[in-house]
Amino acid sequence: MTIGAGTANRIDARAKSVRELLNGVRYTIDFYQREYKWTTDNIAELLADLEDKFLSSYDPEHERFMVEHYPQYFLGSIVISHKDGQSFIIDGQQRLTSLTLLLVYLHNRTKGRDDAANITDVKDLIFSTRFGKKAFNLDVDDRTRCMETLFSGDPFDATDEAEAVRNIDARYKDIHELFPESLRNGTLPFFIDWLLENVRLVEITAYSDDDAYTIFETMNDRGLSLSPTDMLKGYLLANITDPEERVAANDVWKQQMLKLISVGKEEEADFFKAWVRAKYARTIRDRKKDATNKDFEKIGTAYHRWIKDERKHIGLDRSGDFRYFVDNLLARYSDLYIRLLNAARVMTPGLEEVYYNAQNNFTLQYPLMLAPIRPEDDKETVQRKLRLVATYIDILTFRRVVNFRQNAYSTIVYTMFNVMKDIRDFDLFALHGTLKAKLAEMREDFSAMPNFYLHQQNPYQVHHMLARMTAHIERESGMETSFATYVARDIKKPFEIEHIWAERYERHTDEFATREEFLQYRQHVGNLVLLPRGFNQSLNDGPYEQKSPAYFAQNLLARSLNEQCYQNNPSFLAYVRRSGLPFHPHPQFKKADVDERQALYQAICEEIWSPARLDREVVG
């Protein structure tokens, strides 16, 4: 569609597939618009939406050509200002940047596959070459080094980079971790075809900045385009018949929305999704072809409409019900949600597990923790319920990690929704009993630890696990420690995974018949510790006998390899005696030593993630 006669005031609008939008076209961003601010939640929601829409049509019996007839998916619009032969993104860079990162991930994931030759190549949608010069199709100078590194499949050091670049690196890691298991194997070629041809965006192009910004402002003018939260507010307040009560409820609403927005721009919408799902959703879409959206999905896309449609189920009948919903329920649960968000961002005494779960990218913890909270619960009961649920999540996720089970949103949402329903409005003792029973019913536990190893899909979980073990044994030994420092990925000198064995097969030919066998065993977690990045690099590929003295100057988990750790160290030795953990020094580090450290790590994990932790909330 074209509006306007001359080029200067012409506005073009056209729906384009991902391929049409990015193939051979370069977009850039003005220097004053270069922040990229999508969060883990945004990436998780995008991947879940794409997975759901694709799987609603996919059938393993289909031929590839049938993907052409799958339904299209609308990803939104972008506004472009075309000037001086370049296309500047005025609105939509968050979406386009995230889409580009997804394409980079898909490019890297398909490399080396047996069927790679039959998978659609996406690299032309990531970069193009003109006059012998390669540039990314989303061409922003200060992002180039990061994008080149990610495209090559190498880890990127985001230390000292701008916020946008750090976020790009972090969101790529999120995609790597959260990409749905259901799309990873034989389904992947079908999904890539669907993404490129059936996912569409509307590109609105103006030929002057003034026109482009006018379009942008019109599309985002809150006075003309009401958000779901605005529409929900109008519906709720309109049903409060007393004018004075309506004014008072409006004041409560404004106060709570300001609190949420101060925490994050999208948090008001995210709060309503979490709260309404936690307390009222009864159904979720079946994970099968042609399944229709149920309560859980409808709340996610239009919570304002769902509340109106389900007013009787929620208990909204008379004017007083609407007033109570705003003054009491909304105010109480939004304050609680904000408290949880803050605990997820900064380690908070009494809510440490909330921080652990956030570091593990478990985005479903908020509705799960809100589910059992009753309006009449006192502060202590609320605190205990929150810790019970957060601890349950913490134990569940790491049992799954050790058993090579994914904790991605799409993989676990169905199970977590049923837990959410099962614990809704439970009292403290019923909650404790239910969660402990659910852990007892799990097939996964830490008995799988002897076979657990680092691989391409789990480096962040392994890093988290090593950070937890390190901080735990230091804390139990009376030492100052900081899990947040060990797990952080964006501080000046973050910690990274160190392989105790250097990648030198020739040193291990007495125990391994082939290099491949050695490399596989080298990935066992018993062969891993955490060390500061610079120190880790300084060790280079030295033999264990050279590394061991250096380990003694590091954190307690690394130090415990060295014999000196067991001398004149009464607090640590007391902890070893008290816990019965099989710590001992390793003068050398052979295959048997890896196995012994693996057994030690299993015992530490069983202590950290013991279901007995749930009991502390109901004792005393």
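The values are calculated or read from the model by the stated rules, or taken from the named source; none is laboratory data. Keep in mind it's a predicted model, so treat the numbers as computed, not measured. In this analysis, Cβ positions are derived from the backbone assuming ideal geometry, glycine residues included, and neighbour counts consider all displayed protein chains. Calculation scope for accessible area: heavy atoms of the full protein, side chains included, ligands and nucleic acids excluded. Shrake-Rupley method; radii C 1.70, N 1.55, O 1.52, S 1.80 Å.
Structure data summary
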{"item": "Selection from region 596-620 of residues that are touching a His at 6+ places or on another chain (Cβ under 8 Å), open to solvent by 20 Å² or more (accessible area, probe 1.4 Å) and of a type outside the set (V, I, T)", "result": "E596, E607, D615"}
{"item": "Given (1) under 22 Å from the mean Cα position of the chain (by Cα); (2) modelled with pLDDT of 95 or more; (3) among the small types (G, A, S), index of the condition G315 fails", "result": "(1)"}
{"item": "Filter result (closer than 11 Å to L557 by Cβ and surrounded by fewer than 21 Cβ atoms within 10 Å (Cβ to Cβ)) within region 478-493", "result": "T481"}
{"item": "Candidates D154, D142, D121, D169 - the one that is surrounded by 14 or more Cβ atoms within 10 Å (Cβ to Cβ), charged (D, E, K, R) and at pLDDT 80 or above", "result": "D169"}
{"item": "Residue list for region 58-82, restricted to those being open to solvent by 50 Å² or more (accessible area, probe 1.4 Å), closer than 30 Å to D115 by Cα and not aromatic (F, W, Y)", "result": "P60, E61, E63, R64, M66, E68, H69, P71, Q72"}
{"item": "Test: residue in region 570-584 that is aliphatic (A, V, I, L, M), open to solvent by 10 Å² or more (accessible area, probe 1.4 Å), within 30 Å of H432 (Cβ to Cβ) and at pLDDT 95 or above", "result": "yes"}
{"item": "Residue identified as among the hydroxyl-bearing types (S, T, Y), over 23 Å from D422 (Cα atoms) and either under 18 Å from the mean Cα position of the chain (by Cα) or open to solvent by less than 20 Å² (accessible area, probe 1.4 Å) (or both) among Y366, Y356, Y392", "result": "Y356"}
{"item": "Residue within region 369-382 that is out of contact with any Gly (no Cβ under 6 Å at 6 or more places or on another chain), surrounded by fewer than 23 Cβ atoms within 10 Å (Cβ to Cβ) and polar (S, T, N, Q) present", "result": "yes"}
{"item": "Region 437-471, residues that are farther than 18 Å from L531 by Cβ, crowded, with 17+ Cβ neighbours inside 10 Å and of a type outside the set (A, V, I, L, M, F, W, C)", "result": "K438, D445, Y453, N458, Q461"}
{"item": "Qualifying residue in region 548-558 (condition: touching a Cys at 6+ places or on another chain (Cβ under 7 Å), open to solvent by 10 Å² or more (accessible area, probe 1.4 Å) and assigned to a loop (DSSP other than H, G, I, E, B))", "result": "yes"}
{"item": "Contacts under 9 angstrom Cβ, first residue in region 30-57 being of a type in the set (K, R), partner modelled with pLDDT under 85 and in a helix (DSSP H, G or I), 6 or more apart", "result": "R34/Q93; R34/D142; R34/A164; K37/E163; K37/A164"}
{"item": "Cross-chain or 6+ apart pairs with Cβ under 6 Å, region 422-433 first and closer than 23 Å to T283 by Cα, then assigned to a loop (DSSP other than H, G, I, E, B)", "result": "I423/A371; I423/P372; R424/A371; D425/R374; F426/P372; L431/P372"}
{"item": "Residue match in region 406-416 (condition: at pLDDT 95 or above, over 17 Å from the mean Cα position of the chain (by Cα) and of a type in the set (A, V, I, L, M))", "result": "no"}
{"item": "Which numbered condition V576 fails, given (1) within 30 Å of E163 (Cα to Cα); (2) part of a helix (DSSP H, G or I); (3) aliphatic (A, V, I, L, M)", "result": "(1)"}
{"item": "Condition met for Y105 (outside any helix (DSSP H, G or I), at pLDDT 80 or above and of a type outside the set (A, V, I, L, M, F, W, C))", "result": "no"}
{"item": "Hits in region 83-101 - residues which are among the acidic types (D, E) and either surrounded by 22 or more Cβ atoms within 10 Å (Cβ to Cβ) or in contact with a strand residue (DSSP E or B) (Cβ under 6 Å, 6 or more places away or on another chain) (or both)", "result": "D91"}
{"item": "Matching helices (runs of 4 or more DSSP H) fully within region 219-331 where at least 1 residues are aromatic (F, W, Y)", "result": "228-238, 243-263, 267-280, 295-309, 319-324"}
{"item": "Residue pairs meeting the criteria (Cβ under 6 Å; at least 6 apart or on separate chains; first within 18 Å of H586 (Cα to Cα) and touching a residue at least 40 places away in the same chain (Cβ under 8 Å), in region 509-537; second open to solvent by 60 Å² or more (accessible area, probe 1.4 Å) and part of a helix (DSSP H, G or I))", "result": "none"}
{"item": "Pairs with Cβ under 6 Å, 6+ apart, first in region 303-321 and within 16 Å of E245 (Cβ to Cβ), second open to solvent by 50 Å² or more (accessible area, probe 1.4 Å)", "result": "S319/T241"}
{"item": "Checking L614 against (1) in contact with a Phe, Trp or Tyr (Cβ under 8 Å, 6 or more places away or on another chain); (2) farther than 26 Å from M442 by Cα; (3) assigned to a helix (DSSP H, G or I), the condition it does not meet", "result": "(2)"}
{"item": "Tally, over region 513-547, of residues that are at pLDDT 95 or above, within 17 Å of H463 (Cα to Cα), open to solvent by 40 Å² or more (accessible area, probe 1.4 Å) and of a type in the set (A, V, I, L, M, F, W, C)", "result": "0"}
{"item": "Helices (runs of 4 or more DSSP H) wholly inside region 346-459 that include at least 3 residues being under 20 Å from D174 (Cα atoms)", "result": "352-359, 379-402, 409-423"}
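Table: residues versus (1) open to solvent by less than 70 Å² (accessible area, probe 1.4 Å); (2) on the phi > 0 side of the Ramachandran plot; (3) at pLDDT below 95; (4) among the charged types (D, E, K, R).
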position: S225; (1), (2), (3), (4): yes, no, yes, no
position: N239; (1), (2), (3), (4): yes, no, yes, no
position: M257; (1), (2), (3), (4): yes, no, yes, no
position: V263; (1), (2), (3), (4): yes, no, yes, no
position: E268; (1), (2), (3), (4): yes, no, yes, yes
position: K273; (1), (2), (3), (4): yes, no, no, yes
position: R285; (1), (2), (3), (4): yes, no, yes, yes
position: D290; (1), (2), (3), (4): no, yes, yes, yes
